[in-house]
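Following: one structure in C-alpha cells, then a few remarks.
Rule-based calculations on the coordinates, nothing more; no lab input. Treat the numbers as computed from the prediction; the structure is a model and nothing was measured. Note: ideal-geometry Cβ built from the backbone for every residue, glycine included; neighbour counts use all protein chains shown.
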Amino acid sequence: MKLRRWIAAGAVAVATAAVLTSPATAGRPYDPTDQSLRNLALRHGLAVGTAVDLAALNDPADPRYRELAASEFSTVTAENAMKWESLEPTRGTYNWGPADELVTFARQHDQRVRGHVLVWHNQLPAWLTNGVADGSISTAELRDILRRHITNVVTHFKGRIWQWDVVNEAVSDPWDTPSTLHYKGFWAEHLGPGYIADAFRWARAADPHALLFYNDYNIEAFGSRDPANDKTQFVYDMAKQLRAKGVPIDGIGSQGHLGTQYGNFDTFQVVEALRKFAGLGLATAFTEVDVRSQLTEGVQAGNEAEINPRLQAAAANFDVLLQACLAERHCLSFTVWGFTDKHSWVPGWFTDPPEGMATIYDENYQPKRAYQALKADLIYSGPPYVLPRIPQRPRR
Ligand code: G3I
C-alpha cells in the first residue's frame, strides 16, 4: 500500500515536472529553501500572479514594489498598460512602451504574462467613443476597428502572452437596470452580443498559442441558478453556447473582487463553480483577487478592535478562493489585483463610504494575515485532494 502511494507520488512529481517545464509555463525549478508564494505554488503547478502598476514598478523611490513583484509572483498582468486607451490614445498611433516594459520585466524574472484586456467597455480611447457618439464612426466601421485592434494587439505580443482576457465584463449585474441579466455596455449596445464570438475568433487567428479567456466579476459561485439573476449561471450558459458553436474560448477568469462586508462564499461553493466550468472543457483562473473593507472612523483612527476582524475576514476570503483553485486542477493561476495597500485601486474607487485594506501587504510592505493564509494554503495542501494542474491546450 505504502509502495503504491510512493509510486503515485512519484507519478505526480513527474507530472508536475512536465507541467512546469512545458514551454507555455515559465521555468524556475522548485527551491525547497524559498518560501515565496511563486515558489511554494510550483509544487502544485500553479502560477501566482499580481496586477502591476507600471508607475510604481518604475519608481526609484519605491524599490520594494519592484522587488516583491519579481520575487513573489510567477505571472503578471498590466493593471492598465494593455487597455485600449493606453495602447492607442490617438487613432492609428500605438504606444507599446509601458506594456512592452512589463513583458520584458516578466521575461527577466521568468514570469508569464496575462494579457488584459482586448475588449472592454471601460478605458476606451476618446477618439473611439466620441466617433461613435457623433456618428462619424458607423457600426460597420466600428466592427472593423475592433477586429483590427484585436489583431494588432495580439500580433504585437504574439508568443509572449500566456492567457488573454479577450472579453471582459460583458454581462450586467442584478443591481443594473433592467435587473434581468443581459449583455451590457458599449460593445453590446453598438454591435450586439455577437461581438463576443467574433473577438475570440480574431484573437485566435492572431495567436494560436495563447489561452483565450472570458473574464468577469461576481461569478465566484452559483446562486439561484436562474440566468435572469444568477450571473454565474448566465456566464456558464454563455460559455456553453460559445463552446457548442466552436468558438475558440479556452477559459473563464473569475476576478474575485470581494469585500468583508458581504456574505461571500465557502470553499465548496467556489469549487463547485470552477468544476462546472471545467466540465465544459474550460480552464479557469482567479484573475483579480482582492478583499476590501470599509474604513470606518475607528479603522482610520487605528482602533484594533475594528481593524483585526477586517484583517481576519479578508484573510478568510483570500483563503477560500485559493483553496478552491488548488482543489480544481483546471484552475491554472491565482492573481491578486495589486499586492500592497500602497498601490491599490480600491481607495480611489470606493470613497463613500471609504474602503481599502484590500491587498495582502500593508502600505509599508508588511505581509498581512491574508498573505500568511495564502502561504499556508500552498504549504499545507497536497494529495489526495490537491493535485498538480492539468494544462490547457488552446482550442482551434
Ligand atoms: O491615466 C490617468 C492619469 O493621466 C491621471 O492623472 C489620473 C488622475 O486620476 O488618472 C489616470 O487614469 C486612471 C487609471 O486608472 C490609470 O491610473 C483612472 O483615473 C482610473 O479610473 C483608472 O482606474 C483603473 C480602473 O480599472 C478603471 O476602470 C484601475 O487602476 C484598475 O485597477 C481597474 O482595473 C479593473 C480591471 O481592469 C477590470 N476589472 C475591474 C478592475 C477594478 O476596477
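Taking the average, over residues, of other Cβ atoms within 10 Å as the packing measure, peptides 244-253, 374-383, 38-47 rank 38-47, 244-253, 374-383 from highest down.
On the beta carbon distance between residue 179 and residue 133, with R0 = 25 Å, the FRET formula returns roughly 0.40.
Could you give the dipole magnitude of the range 294-363 about its Cα centre, charging the beta-carbon of Lys and Arg +1 and that of Asp and Glu -1, in debye to the nearest 20?
Rounded to the nearest 20 debye, it is 320 debye.
Compute log10 of I(q)/I(0) for the chain with the Debye formula, placing one identical point scatterer on every Cα and leaving out solvent, at q = 0.08 Å⁻¹, to two decimals. Calculated log10 I(q)/I(0) at the listed q: -0.41.
The simple spin-label model puts a point 7 Å past each Cα toward its Cβ; for residue 364 and residue 123 those points are separated by 3.1 nm.
Within 11 Å, Cβ to Cβ, of residue 132, how many net charges do the neighbouring residues add up to if Lys/Arg are +1 and Asp/Glu are -1?
Summing Lys/Arg as +1 and Asp/Glu as -1 gives -3.
Legend: calculated FRET efficiency, residue 152 to residue 296, from the Cβ-Cβ distance at R0 = 51 Å, rounded to 0.05, equals 0.65. Relative contact order for the range 84-237: 23 percent, from Cα pairs under 8 Å spaced at least 6 residues apart, divided by residue count. For the chain, lysine pairs separated by 8 or more sequence positions, or belonging to different chains, with Cα-Cα distances below 24 Å total 14. Here's the picture: charge each Lys and Arg Cβ at +1 and each Asp and Glu Cβ at -1 in the chain, and of 118, 203, 314 the one pushed furthest to the positive end of that dipole is 203. Summing +1 for each Lys or Arg and -1 for each Asp or Glu among the other residues whose beta-carbon sits under 10 angstrom from that of residue 39 gives 0. Quick note on the range 264-396: its Rg to Rh ratio, both from C-alpha atoms and Rh being the Kirkwood radius, is 1.03.
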